[in-house]
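The values are calculated or read from the model by the stated rules, or taken from the named source; none is laboratory data. Predicted model, so just to flag it, every value in this text is computed and none were measured. Backbone-built Cβ (ideal geometry, glycine too); neighbour counts: all protein chains shown.
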Amino acid sequence: MTRSARSSRWRDDRGSATAETAIVLPVVVVMVLVILLVGAGLGTQLRLESAARGAARELARGESAAAAVDTAQRIGGEDTQVQVSGSGAWVQVEVTRVVEAPVGTLSGAHWELSADAEARREPHLVDGGGS
């Protein structure tokens, strides 16, 4: 008996690798894209946290609001929006930035990321001196 006579049509697996690849490959590509987007988002979030802390530190040392905004935009990126507030001994900075997905499957998707920081002004800057 020859080999082909013994094998069944049901056991023939020619082309199954192609079919499995056609099913699995799009899922793998989407997973890789999501991982890359999450990584980019986390990197942006870390930069925003640093930008908010840097701007709050500038204000706490007595620098102007414009200098704090410049610092936040230098660290977080030019399109970072900065809000500065404060009363008494404390200053607050909130930074926001919109992150957009690059061209491709998720084109048009966007997320608004934000971070904030608070710092106490230097004692010599607070009314009343050293308290």
Exercise. Identify, from the list Val99, Val91, the residue that is out of contact with any Phe, Trp or Tyr (no Cβ under 8 Å at 6 or more places or on another chain) and among the β-branched types (Val, Ile, Thr).
Key: Val91
Quiz item: Just for region 51-64: of the residues that are of a type outside the set (Asp, Glu) and buried (at least 17 other Cβ atoms within 10 Å of the Cβ), which one is farthest from Glu122 (Cα to Cα)?
Solution: Ala51
Quiz item: Which members of region 110-131 meet the condition of being among the hydrophobic types (A, V, I, L, M, F, W, C) and modelled with pLDDT under 80?
Solution: Val126
Quiz item: What number of residues in region 68-105 are among the polar types (S, T, N, Q), farther than 30 Å from Val34 by Cβ and either at pLDDT 95 or above or in contact with a strand residue (DSSP E or B) (Cβ under 8 Å, 6 or more places away or on another chain) (or both)?
Solution: 4
